[in-house]
Amino acid sequence: MATRIQFENSCDVGVFSKLTNAYCLVAIGGSESFYSAFEAELADVIPVVKTSIGGTRIIGRLCAGNKNGLLLPHTTTDQELQHLRNSLPDQVVVQRIDERLSALGNCIACNDHVALTHTDLDKETEEVIADVLGVEIFRQTIAGNILVGSNCTFSNRGGLVHPYTSIQELDELSTLLQVPLVAGTVNRGSEVIAAGMIVNDWTAFCGADTTATELSVIESVFKLREAQPSAIVDEMRKSLIDTYV
Amino acid sequence: MRLEKCWFCSSTIYPGHGIQFVRNDAKIFRFCRSKCHKNFKMKRNPRKVKWTKAYRRLHGKDVTQDSTFKFERKHNRPERYDRNVTENTLKAIKKIDKVRVAREARHHAMRMKGTKAIEQREAVKELEQSIHMIKAPKALQPKPSLPLPKIKVKVSQPQAKDNMQK
């Protein structure tokens, strides 16, 4: 079920939060209505952890994680690292990595089985990712953009990518990731998908600017609706997704 | 807050001190004071600058490998907070410090061993050769004006001892 929320009047909720199947991280400093939106959906299922990374609030773009682990940049302070380790369940491995590209959320897009990474990532970092997150790694670009973490989000059930992705690329990525992918937008036409929304296997949160059409696309591709009249969805899909070749 | 090490001299940088330089390849250089920063800007290699820890370690002046050093490494995978572990760690820190200081002192003593004998020999030689710097050569010669030549006579001590016993 997809929900629309705002962080301090900003629709880029993917910047201030991170959602996985095992935990949810949110930035400190927002209003209580932001937290209550998360806690209403998630509180009894997974831990919702308030944190900062390196003293900043842009935690969604700095860290990368799935249900197996969480990767943090070298700017994370020791206290924040310890706080995350104490708040997250023991199955989640918390690791800080020394990497030149420190905005891991922009460089790594992952679900529980597969990860797409920035082409210029270090070899050692790639090994650490494979070890901590337990994923298979593919170095890819999306629509010619190397920041794969910001241009696509995918969960174990589906994925949404940059609207300018060609059909061939879409098919290629779909076979790599083994999930159905759709090229679409979020937050009234914003191409930066991962900044505009966060998703896991059963919920999604989008910015408040997201139109109803975008929301229905999200709900269908990530399979968030339990029972869906497929005819309506198919019809909608034809009118929504143009081909960019 | 984290106490970092100076890139040049390896001393600890306390909060409020020093400068951090971030190079274009995103490598961070931290300096404890302008001395180290200026040396870095002059492109000096710390391994060749005598007063840095890098030089001292490289040239064997300070302890190089020790098991106490591995406690100070930056750890990237934390463990869950456990009160007992924290308490034991705090106690251990004090002990490890003591051990480390003792080992460094021992290393220094080993390095300086044997210098006393050398210094002694050098002092004796200097006394022989350079005494002319202190006393004029004529003053060292026996004085001819004295009426009688000086003769050394051995005096037996036991009488004095017998007196003391009484």
Original post:
Given only helices, namely DSSP H runs of n ≥ 4 each adding -39500 (n - 2.57), what is the per-residue ellipticity at 222 nm of chain A, to the nearest 500 deg cm²/dmol?
Top reply: -9000 deg cm²/dmol
**OP:** Choose one answer from B:Lys138, B:Lys70, B:Lys38: the residue with the largest mean-square fluctuation in a GNM of chain B with alpha-carbon springs under 10 Å.
**Re:** B:Lys138
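Beyond 16 Å, how much of the Cα-Cα pair distribution for segment A:137-193 remains, as a whole percent?
Values: 524 of 1596 pairs.
Here the tail beyond 16 Å accounts for 33 percent of pairs.
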Original post:
Which is farthest toward the positive dipole end of the protein assembly as shown among A:Val92, A:Asn106, B:Val85, measuring Cα position about the Cα centre, with Cβ charges +1 (Lys, Arg) and -1 (Asp, Glu)?
Top reply: B:Val85
Subject >> Of A:Val182, A:His118, A:Thr56, farthest towards positive along the dipole that unit charges on Lys, Arg, Asp, Glu beta carbons give chain A >> reply: A:Thr56
Original post:
Based on the Cβ-Cβ distance of B:Lys125 and B:Lys94, what FRET efficiency does E = 1/(1 + (r/R0)^6) give at R0 = 45 Å, to the nearest 0.05?
Top reply: 0.40
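Let me confirm one metric for peptide B:75-82, namely the mean number of other chain beta-carbon atoms within 10 Å of its residues' beta-carbons.
Details: counts 3, 10, 8, 11, 4, 7, 4, 1.
Per residue, the average neighbour count from other chains is 6.
Share of Cα-Cα pairs in segment A:138-234 beyond 22 Å, in percent? List each step's numbers first, then the result.
Details: 1037 of 4656 pairs.
When all Cα pairs of segment A:138-234 are counted, 22 percent exceed 22 Å.
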Original post:
Just A:Ser102, A:Ser31, A:Ser216 to compare: in a GNM of chain A, with alpha carbon springs under 10 Å, which one fluctuates most?
Top reply: A:Ser31
Original post:
Where in chain B are the DSSP H helices whose C-alpha atoms run 27 Å or more along the long axis and whose mean Kyte hydropathy is at least -1.0?
Top reply: B:83-112
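Which percent, nearest 5, of DSSP beta bridges in chain A are antiparallel? Intermediate results must be reported in sequence, preceding the final value.
Details: 18 of 37 bridges.
Counting only bridges with both partners in chain A, antiparallel ones make up about 50 percent.
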**OP:** Only loop residues by DSSP count here, and only those with at most 16 other Cβ atoms within 10 Å; note down the GluC sites (Glu not before Pro) in segment B:18-100 that meet that.
**Re:** B:Glu79
Subject >> At R0 = 22 Å, FRET efficiency that the Cβ-Cβ distance of A:Gln178 and A:Trp202 yields, to 0.05 >> reply: 0.70
Original post:
Once the mean 1/r over all distinct Cα pairs of chain A is inverted, what Kirkwood radius in angstroms do you read off?
Top reply: 17.8 Å
Original post:
Can you give the relative contact order of chain B as a percent, counting alpha carbon pairs under 8 Å and 6+ residues apart?
Top reply: 12 percent
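Note the per residue figure in Å³ for the convex hull of the C-alpha positions in segment B:4-74. Present the calculation step by step, with values, prior to reporting the outcome.
Working: hull volume 7.7 nm³, N = 71.
Per residue, the Cα convex hull of segment B:4-74 comes to 109 Å³.
So if R0 is 60 Å, what FRET efficiency would B:Arg44 and B:Gln157 give, r being the distance between their Cβ atoms, rounded to the nearest 0.05?
Working: r = 67 Å, r/R0 = 1.11.
According to the calculation, E is roughly 0.35.
Based on the alpha-carbon set only, what is the convex hull volume of segment A:1-140 divided per residue, in Å³?
On the way: hull volume 15.5 nm³, N = 140.
With only Cα atoms used, segment A:1-140 gives 110 Å³ per residue.
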Original post:
Hey, how many Å between the Cα centroid of segment A:1-21 and the Cα centroid of segment A:69-128?
Top reply: 20 Å
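Taking each pair of distinct Cα atoms in segment B:85-131 once, what is the resulting Kirkwood hydrodynamic radius in Å? Walk me through the numbers before you get to the answer.
On the way: mean 1/r = 0.0723 Å⁻¹.
Radius from the Kirkwood sum: 13.8 Å.
For chain B, what is the mean residue ellipticity at 222 nm derived from helices alone (per DSSP H run of n ≥ 4: -39500 (n - 2.57); sum divided by total residues; nearest 500 deg cm²/dmol)? Walk me through the numbers before you get to the answer.
Working: 6 runs with 72 residues, N = 166.
My calculation for chain B gives -13500 deg cm²/dmol from helical runs alone.
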Subject >> segment B:4-74: relative contact order as a whole-number percent, Cα under 8 Å and 6+ apart >> reply: 26 percent
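Within chain A, what's the longest stretch lacking GluC sites (Glu not before Pro) that sit in DSSP loops with no more than 14 other Cβ atoms inside 10 Å? Walk me through the numbers on the way to the answer.
Values: sites that count: A:Glu8, A:Glu226.
Answer - A:9-225.
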Subject >> Debye, to nearest 20: dipole size of chain A, +1 on Lys, Arg Cβ, -1 on Asp, Glu Cβ >> reply: 300 debye
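Over segment A:115-181, what is the mean sequence separation of C-alpha contacts under 8 Å (at least six apart), divided by residue count, expressed as relative contact order in percent?
Once divided by the residue count of segment A:115-181, the mean separation gives 28 percent.
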**OP:** Run the quick spin-label model on B:Ile28 and A:Ile28: label points 7 Å from Cα toward the beta carbon, then report their separation in nm to one decimal.
**Re:** 1.9 nm
Original post:
Per 5 Å bin from zero, what fraction in whole % of the C-alpha pairs of segment A:46-108 is there, up to the bin with the longest pair?
Top reply: 4, 19, 33, 29, 13, 2, 0
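State the antiparallel share, in %, of DSSP beta bridges confined to the protein assembly as shown, rounding to the nearest 5.
On the way: 24 of 43 bridges.
Looking only at bridges with both residues in the protein assembly as shown, the antiparallel portion is about 55 percent.
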Subject >> For the protein assembly as shown: span of alpha carbons on each principal axis (Å, largest first) >> reply: 139, 53, 36
Original post:
Among the chymotrypsin sites (Phe, Trp or Tyr not before Pro) within segment B:1-110, which fall in a DSSP loop and have no more than 13 other Cβ atoms within 10 Å of their own Cβ?
Top reply: B:Trp51, B:Tyr81
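Set the bar at 32 Å for Cα to Cα. Now go through B:Lys35/B:Lys70; B:Lys50/B:Lys98; A:Lys50/B:Lys38; A:Lys123/B:Lys95; B:Lys38/B:Lys98; B:Lys98/B:Lys125 and name every pair that lies beyond it. Provide the component values of the computation, followed by the final result.
Working: B:Lys35/B:Lys70 28 Å; B:Lys50/B:Lys98 26 Å; A:Lys50/B:Lys38 42 Å; A:Lys123/B:Lys95 39 Å; B:Lys38/B:Lys98 34 Å; B:Lys98/B:Lys125 41 Å.
Too far apart for the 32 Å limit: A:Lys50/B:Lys38; A:Lys123/B:Lys95; B:Lys38/B:Lys98; B:Lys98/B:Lys125.
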Original post:
Which of B:Arg80, B:Arg106, B:Arg56 moves the most in a Gaussian network model of chain B with Cα springs under 10 Å?
Top reply: B:Arg80
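Values in this text are rule-based calculations from the coordinates and carry no lab data. Treat the numbers as computed from the prediction; the structure is a model and nothing was measured. As a convention, Cβ positions derive from the backbone with ideal geometry for all residues, glycine included, and neighbour counts pool all protein chains shown.
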